[in-house]
Amino acid sequence: MGSAKYIPPVGLSPEQNLSRYLQEIRKYPMLTLELEQDLARRWVYGEDHDAASQLVTSHLRLVVKIAMGFRGYGLPVAELISEGNVGMMQAVKKFDPEKGFRLSTYAMWWIRAAIQEYILHSWSLVKMGTTAAQKKLFFNLRRLKGQMEAYEDGDLSPENVTIIAERLDVSETEVISMNRRMSGSDSSLNSPVRMDGDDEWQDWLTDDGINQEDELGNFEELIRQRQLLSGAMNGLNARERTILSERRLKESPTTLENLSQSFGISRERVRQIEERAFVKVQKSVKNTMIEQKIAH
């Protein structure tokens, strides 16, 4: 990626007039795979700002769609969209057209990450969550409380705490703590611990969370792993790809019986194809990682 700084298209700002902005972005056409790859290569190899602008503007509707999903946090939609646009531009900067992915698939992660970080920093004067588990809890607690109709102020019932903790794979203590933090009002960290003392609350705070560089590193590593897997899957034939996806990549794997009926083969044959495809993917990922290591 070149070192040139990408400047977003002028005249497009959701803060100025959201209705007009939504109308304007509809004018930008969706890109075909061929055109998208051509524009991406022009930006990556030629630092073509016009190509980068077309990549961004053609995905502004995707940003709006994702941003609308975060309206329940009480923040201005225009600001959520603006933060999502920042994530979109970061995605364009880091997008590699040679990997074979569509930009929208890659950009979704950056858009959501940018919006979520903005919400976490804007929701309260105190940062609501630092670890991945805390962020997951923050962004799902409100939804689960709504599903359980647990709208009462104050602490959740022990039964609801247990249910939420199990669904989100966090401790009950974390659920109780996050619920209290989201329900309570902000207080100054400069407030004295005791009326007759000089110690302030901030003197007692410790930061046990991972820093932003670690978070970004983890995120980029996740993207890299997904790219490796996708590249390896492309090396399989259609039947191998389908069987491996159904058996290894789904939360609830499809049974051998169902796949045998779909393909008109025995369950043992399905199992053999699954194992063969898995070995191919492992070998492809390993070889790619070796090649990348040598290249660097």
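Miscellaneous remarks
- The simple Förster model, with R0 at 22 Å and r as the Cβ-Cβ distance, assigns residue 292 and residue 230 a FRET efficiency of 0.90.
- Packing-based ranking, highest mean first, of 275-287, 21-33, 79-91, 110-122 given that Cβ atoms within 10 Å are counted: 79-91, 110-122, 275-287, 21-33
- Applying a threshold of 30 Å to the alpha-carbon distances of 93/280; 65/280; 65/286; 250/280; 27/136 flags 93/280; 65/280; 65/286; 27/136 as lying beyond it.
- Scattering profile of the range 235-295 at q = 0.15, 0.22, 0.30 Å⁻¹ [log10 I(q)/I(0), Debye over alpha-carbon scatterers]: -0.48, -0.82, -1.24
- The value of relative contact order for the range 17-63, using C-alpha pairs under 8 Å at least six residues apart, is 44 percent.
- Here the gap between residue 98 and residue 238, fully extended at 0.36 nm per residue and compared with their Cα-Cα distance, gives a gain of 48.3 nm.
- Segment residue 258-residue 77, extension gain: residue separation times 0.36 nm, minus the distance between their alpha carbons: 60.7 nm
- A full extension of the chain between residue 265 and residue 282 corresponds to an added length of 3.7 nm, given 0.36 nm per residue minus the alpha carbon distance.
- Debye equation applied to the C-alpha atoms of the range 18-123, log10 I(q)/I(0) at 0.10 Å⁻¹: -0.28
All of the numbers you see were taken from the coordinates with simple rules; none came from a lab. What you are looking at is a predicted structure, and each value in this text was computed from that prediction instead of being measured. Glycine also receives a Cβ, built like all others from the backbone with ideal geometry; neighbour counts cover every protein chain displayed.
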